Amino acid sequence: MPDPRTPLRWRALAVQALLILALAALAYLAASNAAQKLARQGIVAGFGFLGRPAGFDIGQSLIPYAAATATYLDAFLVGLLNTLLVSGLAIGIATGLGFAVGIARRAENPLLRAFAAAYVELFRNLPLLLQLLVWYVAVRVALPPASDPAALGQAAFLSQRGLFLPRPDFWGSAAAVPLAFGIGLAAVWLLVQARGRAVALGKKPGPVLSLSALLCLGLPALAWIGLALAGHPVPVAWPVRGPYDIEGGLAVRPEFAALLIGLSTYSAAFIAEIVRAGLDSVAQGQREAAAALSLSRAQALRLVVLPQAMRVIVPPLTSQYLNITKNSSLAVLIGYPDLVHVFMGTVLNQTNQAVEVVSLTMAVYLTLSLVTALVMNRYNARVAGSRA
C-alpha cells in the first residue's frame, strides 16, 4: 500500500528546490549588478588585489611585516593574527576571572560575596565601548611619558608607548622550548583524564594542580637550561633606548592592553553569572553527600559540585566566547590593528574593493564563530554524556 504522505514529501522538496533556485538567482543578479557598477568605476572585481603592495605600516605584527615589501594579503594575515591573539587571551582571562567571581558569589565570607556582586553589577551594566575608552585613557595617563620611560635595569621599559620586554627567538634549536611546553600540556591532559577515572572509581585523586604547574613550567625551563649548557642558548632580543623611542624587544602596546583588559573584565562579569547559575542548579544533597564523605568545601566544589554544574555552564559559556571574538572588532575605536581596523579600514580605503573586503572579513568572523561553537558543542556533549 503506497504511503499517503509521499505526495506531501515531494511537494515539500519541490518548494525547497524552488526556494534555493530563487535565492541563487537573486545572489547572481546582485553579484552581476555589483560587478557592472564596479567596472564602470574602473574597479576590477576579484581578489587579485591581495597580491598588490600594501605600502603602509602596522603598529603590531606577529609575523614579519615591512611596509615596503608587504602585500595586502600580508596585511590581512597580520590583522587576523592580532584578532586571534587578543580574542584567545581574553577568552582565557575572562574564563578564569569569571569562574573565580562566580564561585565567590556563593562564598561563606559576606565581604567576598559583596565584592563579587559589586564587580558583576558594575562591569555588566556599563557599555563595553565606554569601558574600552576608559581603560585606554587610564592606561595611557597612568604611564610615564615616552621621553622619560620607567626602566627595570636594562631588561624592560615602560612608557606611554607601551611595555617593552625581552623577546626570545624560538626558531631552530630553540624550538625545543615550546615543544617542551607542548609536551607538558599533553602530560597535563593525561593527568586530568587519570584523575577523572579515579574519581569515577571512587578513588582519591592525586594532586593535579601542582603537577600541572611543574610540567608546564619545569619542562620548558629544563629545555632552556639544556640548550644553554649544550652551547645553543635561546637568542633573546633586548629592548634598548633609541634616540626617539625604545627599540627592539617585545612591545606590549597600550591599545592591546586596553582592549585585552576591557574584553576580559566585561566578559568575566557575564561568565560569573553563568557560573553562579550553574552552581545553584546542583542540588543541596550533593554538597551534603560530599560533606558526609569528609570532603572539604574546596574538594566538594572541585570534585562534586563544579563537574555537575558544567552541564548548565557550558552552553551559555559558548555564547560568551563567541561574543568575545566578535566584540574584539571594537578595537578599531582605540587604534588596535585587528582585522577590522587593518582590512576593513586601511585596505578598503586604499583599494575600494568593498565587496571583496567585506565578504572576506565576514567569512573570517563566521568561520571563527563556527569553529568555536563546534569545539564547545563537542565539549558540552562530552560533559552532558559523562553525567547522564
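The values are calculated or read from the model by the stated rules, or taken from the named source; none is laboratory data. Computed from a predicted model, the values in this text were never measured in an experiment. Reconstructed Cβ throughout: ideal geometry from the backbone, glycine too, with neighbour counts over all protein chains shown. In case anyone asks, the SASA skips ligands and DNA or RNA and just uses the protein heavy atoms, side chains included. Shrake-Rupley method; radii C 1.70, N 1.55, O 1.52, S 1.80 Å.
Condition check: more than 25 Å from Glu255 (Cα to Cα), surrounded by fewer than 18 Cβ atoms within 10 Å (Cβ to Cβ) and more than 28 Å from the chain's Cα centre (by Cα). Does Ala107 satisfy that?
Values: more than 25 Å from Glu255 (Cα to Cα): yes; surrounded by fewer than 18 Cβ atoms within 10 Å (Cβ to Cβ): yes; more than 28 Å from the chain's Cα centre (by Cα): yes.
Judged against the criteria, Ala107 is a match.
Would region 295-304 turn up any residue that is among the aliphatic types (A, V, I, L, M), crowded, with 16+ Cβ neighbours inside 10 Å and at pLDDT 85 or above? No, region 295-304 contains no residue that is among the aliphatic types (A, V, I, L, M), crowded, with 16+ Cβ neighbours inside 10 Å and at pLDDT 85 or above.
Could we say that Leu112 is touching a residue at least 60 places away in the same chain (Cβ under 8 Å), open to solvent by 40 Å² or more (accessible area, probe 1.4 Å) and not in a strand (DSSP E or B) here?
Details: touching a residue at least 60 places away in the same chain (Cβ under 8 Å): no; open to solvent by 40 Å² or more (accessible area, probe 1.4 Å): yes; not in a strand (DSSP E or B): yes.
Criteria not met by Leu112.
Per the conditions (1) open to solvent by less than 80 Å² (accessible area, probe 1.4 Å); (2) modelled with pLDDT under 90; (3) part of a loop (DSSP other than H, G, I, E, B), the sole criterion not satisfied by Ala175 is (3). Looking at Leu348, Leu366, Leu339, which is the one that is of a type in the set (A, V, I, L, M) and open to solvent by 40 Å² or more (accessible area, probe 1.4 Å)? Checking each option against the conditions leaves just Leu366. Within region 315-336, the set of residues being open to solvent by less than 20 Å² (accessible area, probe 1.4 Å) and either under 16 Å from Arg253 (Cβ atoms) or at pLDDT below 90 (or both) comprises Ser328, Ala331, Ile334, Tyr336.
Going through (1) over 30 Å from Gly231 (Cβ atoms); (2) in contact with a helix residue (DSSP H, G or I) (Cβ under 9 Å, 6 or more places away or on another chain); (3) open to solvent by less than 70 Å² (accessible area, probe 1.4 Å) one by one, Pro144 falls short only on (2).
Among the numbered conditions (1) of a type outside the set (A, V, I, L, M); (2) open to solvent by less than 70 Å² (accessible area, probe 1.4 Å); (3) within 23 Å of the chain's Cα centre (by Cα); (4) under 17 Å from Ala237 (Cβ atoms), the only one that Pro166 does not meet is (3).
Within region 115-145, track down each residue that is assigned to a loop (DSSP other than H, G, I, E, B) and either in contact with a strand residue (DSSP E or B) (Cβ under 9 Å, 6 or more places away or on another chain) or small (Gly, Ala, Ser) (or both).
Taking region 115-145 and keeping what is assigned to a loop (DSSP other than H, G, I, E, B), we get 125-127, 143-145.
Once the filter is applied, which keeps residues that are assigned to a loop (DSSP other than H, G, I, E, B) and either in contact with a strand residue (DSSP E or B) (Cβ under 9 Å, 6 or more places away or on another chain) or small (Gly, Ala, Ser) (or both), region 115-145 yields Leu143, Pro144, Pro145.
If you check Glu273 against the conditions, is it assigned to a helix (DSSP H, G or I), acidic (Asp, Glu) and open to solvent by less than 60 Å² (accessible area, probe 1.4 Å)? Break it down stepwise before answering.
Values: assigned to a helix (DSSP H, G or I): yes; acidic (Asp, Glu): yes; open to solvent by less than 60 Å² (accessible area, probe 1.4 Å): yes.
Yes: the conditions hold for Glu273.
Looking at Ala251, Ala228, Ala223, Ala257, just one residue is touching a Gly at 6+ places or on another chain (Cβ under 6 Å) and either crowded, with 18+ Cβ neighbours inside 10 Å or in a helix (DSSP H, G or I) (or both), and that residue is Ala251.
Given the options Trp238, Trp224, name the one that is modelled with pLDDT of 85 or more and within 29 Å of Pro144 (Cα to Cα). So that I can check it myself, show each step before the final result.
Details: Trp224 fails: within 29 Å of Pro144 (Cα to Cα).
That would be Trp238, the only listed residue that is modelled with pLDDT of 85 or more and within 29 Å of Pro144 (Cα to Cα).
Could you count how many residues in region 283-324 are outside any helix (DSSP H, G or I) and within 20 Å of Ala104 (Cα to Cα)? The qualifying residues number 3.
Name the one entry in Gly59, Gly55, Gly79, Gly98 that is at pLDDT below 85, surrounded by 13 or more Cβ atoms within 10 Å (Cβ to Cβ) and closer than 30 Å to Ala251 by Cβ. Reasoning before the result, please.
Numbers: Gly55 fails: at pLDDT below 85; Gly79 fails: at pLDDT below 85; Gly98 fails: at pLDDT below 85.
Checking each option against the conditions leaves just Gly59.
If the condition is being open to solvent by 40 Å² or more (accessible area, probe 1.4 Å) and within 22 Å of Pro235 (Cα to Cα), then region 148-163 contributes Ala151, Leu152, Gly153, Gln154, Leu163.
Here is a check on your reading of the model: is Ala277 more than 30 Å from Leu158 (Cβ to Cβ) and at pLDDT 80 or above? Answer is yes for this residue. Among residues of region 332-362 being assigned to a loop (DSSP other than H, G, I, E, B) and out of contact with any Phe, Trp or Tyr (no Cβ under 7 Å at 6 or more places or on another chain), the one that is farthest from Leu84 (Cα to Cα) is Asn352. Assess whether Val375 counts as being open to solvent by less than 20 Å² (accessible area, probe 1.4 Å) and assigned to a helix (DSSP H, G or I). No; evaluated as a whole, the condition is false for this residue.
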